[in-house]
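Peer 1: Here it is, the structure, as structure tokens.
The values are calculated or read from the model by the stated rules, or taken from the named source; none is laboratory data. None of these values were measured; they are calculated from a predicted model. Every residue, glycine among them, receives a Cβ derived from its backbone with ideal geometry; neighbour counts consider all protein chains shown.
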């Protein structure tokens, strides 16, 4: 996009495409191996005890012999996108501004393939982080019709999975 050998300066090129020049020089840092190992431990603890927050996870990691503070645990949990699960106030009250969609399969007998499909997105822990897996599944046969793997959970992940299934599905 930006060519440093072009006759226009980098400043002029960045003005033309309307981006800030500081974005051109920023080099994101890799996550250190110690942070990755701590993230894996935090994830294992969170899977076993999803109600634990950063303080309890810090205490558990310190009992295992790791020198770590609550702020670092909180930062890594935020980076991984996990948080403690606990009852929140007024969870059973529906918001009147939200649209309620009808359940269309209530009295439907599913007795053959390609009658009803569903989609599921999950994450898979890897050696250097996480990847997300999106799959379209036939309800009757439980067969995976299409799948897509991505390093980030974006809207393109689902659309790419639908495009690979060679079928028309309306997405809102």
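Peer 1: Residue 29 - would you say it is touching a helix residue (DSSP H, G or I) at 6+ places or on another chain (Cβ under 7 Å), assigned to a loop (DSSP other than H, G, I, E, B) and surrounded by fewer than 13 Cβ atoms within 10 Å (Cβ to Cβ)? Write out each step before concluding.
Peer 2: Values: touching a helix residue (DSSP H, G or I) at 6+ places or on another chain (Cβ under 7 Å): no; assigned to a loop (DSSP other than H, G, I, E, B): yes; surrounded by fewer than 13 Cβ atoms within 10 Å (Cβ to Cβ): yes.
Answer is no for this residue.
Conditions tested, residue by residue: (1) crowded, with 16+ Cβ neighbours inside 10 Å; (2) at pLDDT 95 or above; (3) not assigned by TED's automatic domain parsing to the domain that holds residue 151; (4) not in a loop (DSSP other than H, G, I, E, B).
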position: 8; (1), (2), (3), (4): no, no, yes, no
position: 12; (1), (2), (3), (4): no, no, yes, yes
position: 47; (1), (2), (3), (4): no, no, yes, yes
position: 59; (1), (2), (3), (4): no, yes, yes, yes
position: 74; (1), (2), (3), (4): yes, yes, yes, yes
